[in-house]
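What follows is a single structure, written as structure tokens, with notes after it.
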Amino acid sequence: LLNKENPNLVKILYVAEDSNSTYVIEEYISGITLKEKLQNAYRFTDSEVEKIALQLCDGLAFLHKLDILHRDITPSNIILINGTQQVKIIDLGAARSIQDKAMDTRLLGTPGYAPPEQYGFSSTDTRSDIFSLGKTMLELLENSRNKRLKVVFQRCTELDPINRYQSIDELKK
């Protein structure tokens, strides 16, 4: 992601590796995470949730086109930029290449948001990010009565990936 930019992803400024670790410097983003908003008893409107979801779809589509899975979409990894309605996805620590077809054998991501396949049952793919996005959006919609939006995000969280949306573009439509 170094030298790549998307308005819905944190910008990577510097990357270095040694034999044991990878070091990443990201841009500073002035804002509040969705988790912090929820902890402050903020109630998201249906319109806000829809706008956030569409921006997350754009950010994830960008990652997926680069053959990258985020694997940790949660309210704590999404920042609402101060004074705007723009969100950015942060924390790419659990990300991996889609090209790496090896089965995930260790738990990465946040329990409650990570899809079943991320626990080592099968290999993760783009539908894994869709699962986590759905879990996040359902949390934002907790007090909503909007059945249409809830049905969309419930499909994202189907246990069997074959029953989820098969791509971010399909979800966005």
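Side notes on the structure shown:
- For the chain, leaving out every one of the GluC sites (Glu not before Pro) that falls in a DSSP loop and has at most 15 other Cβ atoms within 10 Å, the longest unbroken run is 28-141.
- Apportionment of accessible area to carbon and sulfur, the chain, percent (1.4 Å): 50 percent
- Take the chain with all the other protein chains still there, run a 1.4 Å probe, and you get 54 Å² of accessible area per residue.
- Convex hull of segment 7-99 built on C-alpha atoms - directionally averaged projected area, nm²: 6.9 nm²
- When the pairs Lys11/Lys135; Lys35/Lys172; Lys4/Lys37; Lys65/Lys147; Lys11/Lys147; Lys147/Lys173 are compared against a 27 Å limit on Cα-Cα distance, Lys4/Lys37; Lys65/Lys147; Lys11/Lys147 fall above it.
- Here is the size of the chain from its Cα atoms: Rg then Dmax, 15.6, 51 Å.
The values are calculated or read from the model by the stated rules, or taken from the named source; none is laboratory data. Every value quoted in this text rests on a predicted model; they were computed, and no experiment measured them. Positions of Cβ are backbone-derived with ideal geometry, glycine not excepted, and every protein chain shown enters the neighbour counts. Accessible surface is based on the protein model in full, side chains and every heavy atom, while ligands, DNA and RNA are left aside. Shrake-Rupley method; radii C 1.70, N 1.55, O 1.52, S 1.80 Å.
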